[in-house]
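Trainee: Dropping a structure here in structure tokens format, bear with me for questions.
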């Protein structure tokens, strides 16, 4: 009787251990799949206010006037207007001092697809920046303030002021 009870206990423990190993492997595979899907979503999502996307970033330092008509300065970036139209506001997450808020004020023939070009005053710094992957959060798409992410605009519309018409 004692041998039979031990045998049942040993088989039960073995079956339980095997079930735990198989369950662990399924969880590991599911975790890898979920991580892969998150990266795919980040790399293929359409830019929209609040979207967190992966972009390739470079830096530039030359130029007199941007596509929007302003002089380039710190906080200005160039992007593909099909993805991020001029006037869009983005938050770039990278190492300091490049993490921050940038306004898309420029375009360029080499800035296509998921690529942004950050303006830097120093050409040496721009060359040292190189090409790197950055996380971009779209805060506003284009010039329309109504396309901002929620929480950035007041709950009710701001009052409209009228300027006197010059005679």
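The values are calculated or read from the model by the stated rules, or taken from the named source; none is laboratory data. Only a predicted model underlies this, so the values are computations on that prediction, with no experimental measurement involved. No Cβ is skipped: glycine too gets one built from the backbone with ideal geometry, and neighbour counts run over all protein chains shown.
Trainee: Looking at 29, 39, 46 in this structure, which one is loosely packed, with under 10 Cβ neighbours inside 10 Å and modelled with pLDDT under 85?
Mentor: From the options 29, 39, 46, the qualifying one is 46.
Trainee: In addition: Output the residues belonging to region 89-128 that are exposed (fewer than 12 other Cβ atoms within 10 Å of the Cβ) and in a loop (DSSP other than H, G, I, E, B).
Mentor: 95, 96, 97, 109, 110, 113, 121, 122
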